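Below is one structure, written out as structure tokens, with a few remarks after it.
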Amino acid sequence: MPALVDAHCHLGDAAFDGDRPAVLARAAAAGVGHVVVIGESLAGSARAATLAREHAGLSATAGVHPHEAAAWDETTPGKLRELLDAPELVAVGETGLDYHYDHAPRALQRAAFEGQLALAADLNKPIVIHARDADEDMAALLRDWGGRVPAFVLHSFAGSRALFTAGMDVGAYFSFSGMITFKNWRPEVPASQCPEDRLLVETDAPYLAPVPHRGHRNEPAFVPDIVTALARQRGMAPDALVRHTFENASRVFGRRLLTQLAPRENTA
Ligand SMILES: [Zn+2]
């Protein structure tokens, strides 16, 4: 049965420490069946893994965000590999390149990203990618690793032409966030150009809350606002979009996605 999938959520973030059970209950009530909980550091990945182990309807990723790339060393792949061994761990990441903030030196970002591409290829797991202001390097690395990594997910896809072209070349998935609801959303590539079998939706909570929640903490219960906007921009029925994004998420992340949040669990 198709359900809404939040393909990218930082549910382990401290922003949810006060009311995580209520957040999950609201997500289920809003029709969200599954949430992919993102790991952005070793500690964050361990937290995401614990959440996914404890709840049906949650899966986790393990990775090191480009902002954290300076922490990457020769022991990191082994530690990620250990986490990724569990069945509820569905992807490597969040990893990638961020030349906008440059919180870590670019050479270290590339080294950490390539280390995680190699891990994804070796484990035959998809990889969740953060890309900001790094189109040229990102496009080159995608093409380099296309065919070796089983699937690429371009998270919070901002509509860049160069990334879209490279992503299409390697069969990537394009994950749309609340950005598509913003007034200043003017992508180079309209969302209608993305093939329906490559679409995902995500909140990136607690960040990037969609209109009409902009400026507040984001949460998985807001996925319907993103689906509504994306369906409108594509001129397709929201129901059909839900079906496609569910099928796509299950194809990328695997059978774990068939587990669903319990509607009455943890009502708080
Ligand atoms: Zn993220």
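The values are calculated or read from the model by the stated rules, or taken from the named source; none is laboratory data. As the structure is a computational prediction, the values presented were derived from the model and not from experiment. Heads up, the Cβs are rebuilt from the backbone with ideal geometry, glycines too, and the neighbour counts pull from every protein chain shown. In case anyone asks, the SASA skips ligands and DNA or RNA and just uses the protein heavy atoms, side chains included. Shrake-Rupley method; radii C 1.70, N 1.55, O 1.52, S 1.80 Å.
Note on the chain: GNM, Cα springs under 10 Å; of T181, T95, T61, the largest mean-square fluctuation is that of T181. With each label modelled as a point 7 angstrom along the Cα→C-beta vector, the R186-T259 pair spans 4.5 nm.
Net charge of the neighbourhood of G178, taken over other residues with C-beta under 10 Å away and scored Lys/Arg +1, Asp/Glu -1, is -2. Run the accessible area of region 1-101 with a 1.4 Å probe and give the carbon-and-sulfur part as a rounded percent. C and S fraction of accessible area: 54 percent.
Can you give the log10 of the normalised intensity I(q)/I(0) at q = 0.16, 0.25, 0.27 Å⁻¹, computed with Debye over equal Cα scatterers of region 95-163? Each listed q corresponds, in turn, to -0.49, -1.19, -1.34. L200 sits among other residues whose Cβ lies under 12 Å from its own Cβ, and their net charge, with Lys and Arg +1 and Asp and Glu -1, is -4.
Dipole size of region 203-268 about its Cα centre, with +1 on Lys/Arg Cβ and -1 on Asp/Glu Cβ: approximately 140 debye, rounded to the nearest 20.
With R₀ set to 51 Å, the beta-carbon distance separating A240 from T75 gives a calculated FRET efficiency near 0.65. A221 sits among other residues whose Cβ lies under 10 Å from its own Cβ, and their net charge, with Lys and Arg +1 and Asp and Glu -1, is -2. Compute the whole-percent fraction of alpha carbon pairs in the chain spaced more than 30 Å apart. Considering the chain, 20 percent of its Cα-Cα pairs are separated by more than 30 Å. Only protein heavy atoms count here; on that basis, with a 1.4 Å probe, M236 has an accessible area of about 40 Å².
Kindly identify region 1-69 as rounded, prolate or oblate by the Cα gyration tensor criterion: order the square roots of the eigenvalues as a ≥ b ≥ c, call it rounded if a/c is under 1.5, otherwise compare a/b with b/c, prolate if a/b is larger, else oblate. Prolate, because a/c is 1.5 or more and a/b exceeds b/c.
Taking 7 Å steps out from each Cα toward its Cβ at A111 and T50 produces label points 3.0 nm apart. Size descriptors for region 16-155 (Cα atoms only): Rg and Dmax, in that order, 15.2, 44 Å. Enter the accessible area of W185 (Å², nearest 10), with the probe set to 1.4 Å and all protein chains included. Result for W185: roughly 40 Å² accessible.
The calculated pair-distance distribution of region 133-172 uses every alpha carbon pair, bins of 5 angstrom beginning at 0, and gives 6, 26, 41, 22, 5 percent. So if a site counts as exposed when it's one of the trypsin sites (Lys or Arg not before Pro), its DSSP state isn't H, G, I, E or B, and it has at most 15 other Cβ atoms within 10 Å, what's the longest stretch of the chain without one? The reported range is 1-147.
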